[in-house]
């Protein structure tokens, strides 16, 4: 009997935990997550969505630019007066160069205005939204390959009226 109880005590000894593989994983995973978090922050574009209380701020501004993207045309409009310019499709694609040229003209007349609203029809593709948003926000400085100047950097997105 003495031997049976001694065997039980030997079996109940605590086993040592091997955490070497877990520590190796943490050494690799933590720097990777920190690096990827910094780069993902650089690619996020902050949008200002219109809210319920934006009515008072709208009366103070002179011009409220709306870029309405439809299947067959892009319309540049003022919220108060209506459509200012229509940019048709050229060779089966949206004429983003024509849109940029007109927005540069508008920006030269209203240099303090930084807000624009992009309104989309239901069937518009996401990559079209991104291209139009980039066109509304900045333009390439003539004579320079890499310099960009801002047009209307404060962009809001919504549904186009029917």
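Structure notes:
- Cα-based shape type of the stretch 63-159, given that a ≥ b ≥ c are square roots of the gyration tensor eigenvalues and the cut on a/c is 1.5: oblate
- DSSP bridge pairs, the stretch 63-159: antiparallel proportion in percent, nearest 5: 60 percent
- Förster radius 45 Å - calculated FRET efficiency between residue 26 and residue 128 (Cβ-Cβ, nearest 0.05): 0.55
- Arranged from fewest to most other beta-carbon atoms within 10 Å of their beta carbon, 136, 106 become 106, 136.
- By the count of other C-beta atoms within 10 Å, a proxy for reagent exposure, 94, 126, 102, 110 are ordered fewest to most as 126, 110, 102, 94.
- The order of the peptides 17-26, 74-83, 144-153 by mean Cβ neighbours within 10 Å, most packed first, is 74-83, 144-153, 17-26.
- Residue 148-residue 79 pseudo-label distance in nm [points 7 Å out on the Cα-to-Cβ vector]: 2.5 nm
A short reminder: the numbers here are calculations on the coordinates, not readings from a lab. Given the structure is predicted, the values throughout are model-derived calculations rather than measurements. Ideal geometry is used to build each Cβ from the backbone, glycine not excepted, and the neighbour counts take in all protein chains shown.
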